[in-house]
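Taking it in order: structure first as structure tokens, then the write-up.
The values are calculated or read from the model by the stated rules, or taken from the named source; none is laboratory data. These numbers were taken from a predicted model, which means no experiment stands behind them. In this analysis, Cβ positions are derived from the backbone assuming ideal geometry, glycine residues included, and neighbour counts consider all displayed protein chains.
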Amino acid sequence: MKRKDLDSLIALGEGFTTEFKRSGTANLGRELCAFANADGGMILIGVTDDGRCLGVQNHNRLKSEVQAIARSAEPTILVNVESVDAVLCIRVPAQQGKPYSFGGKFYLREGASSQQMSRDEIREFFYREGLIHYDETPCNAYDLKRDLKPPIWARFIKRAGLPESLDRKTALHNLHLIKDGKMTHAGAWLLTDDIGRYTMQAKIICALFQGTSNATILDRKEFSSDLYTNYQECMAYLKSKLNSAFIPTSSGRNERLELPEEALREALVNAIAHRDYRIPGSVQLHIFHDRLEIVSPGGLPAGMRQEDLGRRSIPRNPLLFGLLFRMNLVEQVGSGINRIRLLCKNYGVAIPKIEVEDNWVTVVFKRLNRTDQTAGASVTQSVTQSVTQSVTQSVTQSSDPIDQVLRVLSEHGELSSSQLREALNVKHRHLFRHNYLHPALARELIAMTIPDKPSSRLQKYRLTHKGKRVLKQGTPDNG
């Protein structure tokens with residue numbers, strides 16, 4: 001550091017990243033620890049609180065003392081020490097081994113001073129730095145005997161792809177759902193019919209507003225079952241409120257949502273998987289005339305910046321994320337944002353805007369007006385016609401009913417029963433259910449989008465991972 005740089009630093013005065021010490025190394029361990037637990041800083045020995053530069057002597061001895069104090073911290077704090085004229089400058093770079101303690105105590109910068117952390121502050125610090133994950137902590141409100149009812153367990157193992165014969169206690173421990181003899185929060189959120197009993201803010205709230213402001217609410221819906229069911233019902237609600245266009249095809253017509261459904265699913269499951277469940281506020285979907293907002297409480301995890309989105313990921317709820325992955329709701333870590341962008345680009349709609357605040361992350365999808373939607377449907381129609389021709393040809397070439405179902409869903413994505421039957425050109429409903437739909441469901445090659453409500457008018461069918469694998473291999477699964 002040059003003298004002019006030192007003078008500039010002193011002129012700015014003490015603050016969050018700068019500490020002045022008149023002389024000596026008294027309380028230096030506390031200062032080093034506080035800076036190490038923040039984003040680093042500078043300590044100037046030989047400068048008074050009011051910025052007068054007095055200097056110190058015996059720099060070599062002081063440098064040795066500083067290094068010894070830094071090594072006494074747990075873990076060792078890395079520091080750079082240099083002399084600028086008579087002032088000893090100690091630079092504490094941003095550290096990777098947080099949290100740091102000195103003398104068995106933890107310190108943190110508060111404004112221009114270093115303060116010892118209370119028990120609650122230490123716990124919050126550990127959460128913020130990702131050293132403790134709330135989803136992995138025991139949920140004291142969950143009573144395993146009272147709350148883990150047989151229907152809830154049966155529903156869970158089906159979704160998670162677990163064999164019915166698997167011992168329940170063994171499964172819970174192998175999935176890390178039990179800690180200290182209690183259900184973890186992640187387990188409580190997925191193995192319940194009333195998520196608010198354990199975490200009130202884990203509910204999902206949807207609201208439809210008039211116009212472009214939140215002044216007038218036209219409709220509001222709160223989903224408070226388990227996270228998986230809430231996700232499915234929230235998507236069904238969202239699709240019922242967005243506009244759709246019907247595109248003629250050779251086998252009838254297909255429904256085209258104004259926004260790509262897969263992108264909406266990805267954004268919603270990201271909000272559920274990565275939100276901070278410790279703070280008040282639910283995941284919220286706000287439907288306006290001109291946009292759709294998916295709001296996730298908690299801001300970005302520590303160490304993440306907005307420019308990192310789409311390039312790296314720090315899971316805030318790793319246990320929950322792993323369970324959602326097992327249930328086929330999420331792909332690999334870090335792929336969500338890029339997938340949303342690509343899906344929107346390929347769909348011909350605007351790339352969603354991501355707004356990051358201290359306690360919120362909001363994904364904003366721009367909705368199409370009627371003119372844009374009609375134009376988009378017209379463009380899609382010409383593309384769809386060529387796609388439909390190829391689908392029809394491939395379906396016709398296959399004599400296996402299940403293989404035909406897989407091929408149609410592979411090309412068209414999620415379809416309702418009637419849409420699937422029309423695409424297959426099967427006129428008789430009984431024949432369709434008996435030979436096509438039910439066998440594919442029984443072999444878990446396709447799945448309902450709302451499995452807990454088989455008769456829902458919003459019910460559709462999609463390919464499972466097993467179905468995609470079978471289709472890729474080119475051999476129909478025969479049970």
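With respect to the conditions (1) over 21 Å from Q284 (Cβ atoms); (2) of a type in the set (F, W, Y); (3) surrounded by 18 or more Cβ atoms within 10 Å (Cβ to Cβ), F325 lacks only one, and its number is (3). Checked against (1) farther than 24 Å from S225 by Cα; (2) under 22 Å from the mean Cα position of the chain (by Cα), S165 passes all but a single condition, namely (2). Looking across T48, T18, one residue alone is of a type in the set (S, T, Y), over 35 Å from the mean Cα position of the chain (by Cα) and under 30 Å from G130 (Cβ atoms). It is T18. Scanning the stretch 215-231 for residues that are buried (at least 18 other Cβ atoms within 10 Å of the Cβ) and either of a type in the set (S, T, Y) or modelled with pLDDT under 95 (or both) yields S224, S225, Y228, T229, Y231. Among the residues of the stretch 143-176, those identified as of a type in the set (G, A, S) and on the phi < 0 side of the Ramachandran plot are A154, A160, S165, A171. Being within 21 Å of the chain's Cα centre (by Cα), part of a loop (DSSP other than H, G, I, E, B) and either within 30 Å of Q96 (Cβ to Cβ) or modelled with pLDDT of 85 or more (or both) is the requirement here; does G334 meet it? Yes, satisfied.
Within the stretch 5-26, count every residue that is within 16 Å of I69 (Cα to Cα) and either in contact (Cβ under 8 Å) with a residue 60 or more places away in the chain or crowded, with 18+ Cβ neighbours inside 10 Å (or both). Reasoning before the result, please.
Step one: filter the stretch 5-26 for residues within 16 Å of I69 (Cα to Cα), giving 21, 23-26.
Pick out the ones that are also either in contact (Cβ under 8 Å) with a residue 60 or more places away in the chain or crowded, with 18+ Cβ neighbours inside 10 Å (or both) and you get 21, 25.
Count: 2.
Scanning the stretch 95-113 for residues that are surrounded by fewer than 16 Cβ atoms within 10 Å (Cβ to Cβ), in contact with a Cys (Cβ under 7 Å, 6 or more places away or on another chain) and not assigned by TED's automatic domain parsing to the domain that holds G299 turns up nothing.
Scanning the stretch 196-233 for residues that are among the β-branched types (V, I, T) and within 21 Å of A171 (Cβ to Cβ) yields one hit, T229.
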